[in-house]
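Have a look at the structure below, then the notes.
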Amino acid sequence: MERRRRRLLTLVSTSLVLALSACVRTDGAPELVLDGPARVRVDRLGPIEGPRILLDNGSEPHGVIWSLSEDGVARLDGAQLVAVGSGEVQVVGEWEDQRIEWTLVVELATLLSFVDAPARIPMGSAVDLIVEAHRGDEPIPVGAVQWITSDPRVLRVLSSGRAEGRTPGTVYVTARARGAQAMVEIEVVE
């Protein structure tokens with residue numbers, strides 16, 4: 001048993017040494033390394049801060065040439081990376097004879113907002129509450145909405161979004177759809 005264990009440790013040690021030596025340059029030149037995660041997720045469009053590229057001695061390489069694996073997700077404005085659409089793209093840095101890359105994933109957040117929600121509703125009357133959804137700058141279908149009122153005795157909201165003022169008071173109405181939510185304050189007046 002002890003002999004098998006030593007043999008296994010020798011195999012693991014040999015494999016580890018081979019794997020590490022495959023990552024080290026033998027010519028003594030500095031090697032490119034990522035100073036940050038190899039996968040970056042963002043939920044918005046615009047300028048993106050990705051991981052820095054350094055040399056393994058801690059200095060910054062000069063003259064790195066940047067490129068992207070495909071168009072439509074991001075673009076390069078000089079040295080600035082800008083997210084322009086949903087998707088995944090490889091960001092590639094090349095310096096001397098070396099290449100390093102990291103992945104940018106753009107998953108735009110869904111934003112939900114009320115459309116012309118009234119601040120006040122007279123007791124005994126009803127209004128239709130409406131929300132709209134956007135992903136980035138693009139409007140998207142809202143789908144099914146879950147309506148929640150902080151006090152159904154003051155304001156009742158039906159599954160259709162129809163809000164009925166029942167008794168004087170102030171409530172908060174929350175709409176949830178597509179993994180997002182929006183809230184509005186409504187006062188029911190006499």
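The values are calculated or read from the model by the stated rules, or taken from the named source; none is laboratory data. If you're wondering where the values come from, they're calculated on a predicted model, not measured in any experiment. A quick note on method: Cβ atoms are made from the backbone with ideal geometry, for glycine too, and the neighbour counts reach across all protein chains shown.
Here is how the numbers come out for the structure above:
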read-out: Residues within the range 77-89 that are in contact (Cβ under 8 Å) with a residue 24 or more places away in the chain, among the hydrophobic types (A, V, I, L, M, F, W, C) and assigned to a strand (DSSP E or B), tallied; value: 3
read-out: Tally of residues being surrounded by fewer than 19 Cβ atoms within 10 Å (Cβ to Cβ) and modelled with pLDDT of 95 or more across the range 167-180; value: 7
read-out: Wholly enclosed strands (runs of 3 or more DSSP E) of the range 117-190 bearing at least 3 residues within 27 Å of Gly85 (Cα to Cα); value: 131-135, 138-140, 169-177, 180-189
read-out: Selection status of Val189, among the hydrophobic types (A, V, I, L, M, F, W, C) and surrounded by 16 or more Cβ atoms within 10 Å (Cβ to Cβ); value: no
read-out: When residues of the range 90-109 are limited to those that are surrounded by 17 or more Cβ atoms within 10 Å (Cβ to Cβ) and within 14 Å of the chain's Cα centre (by Cα), the one farthest from Glu31 (Cα to Cα); value: Leu108
read-out: All positions within the range 50-76 that are assigned to a strand (DSSP E or B) and closer than 18 Å to Trp95 by Cβ; value: Arg52, Ile53, Leu54, Leu55, Ile65, Trp66, Ser67, Leu68, Leu76
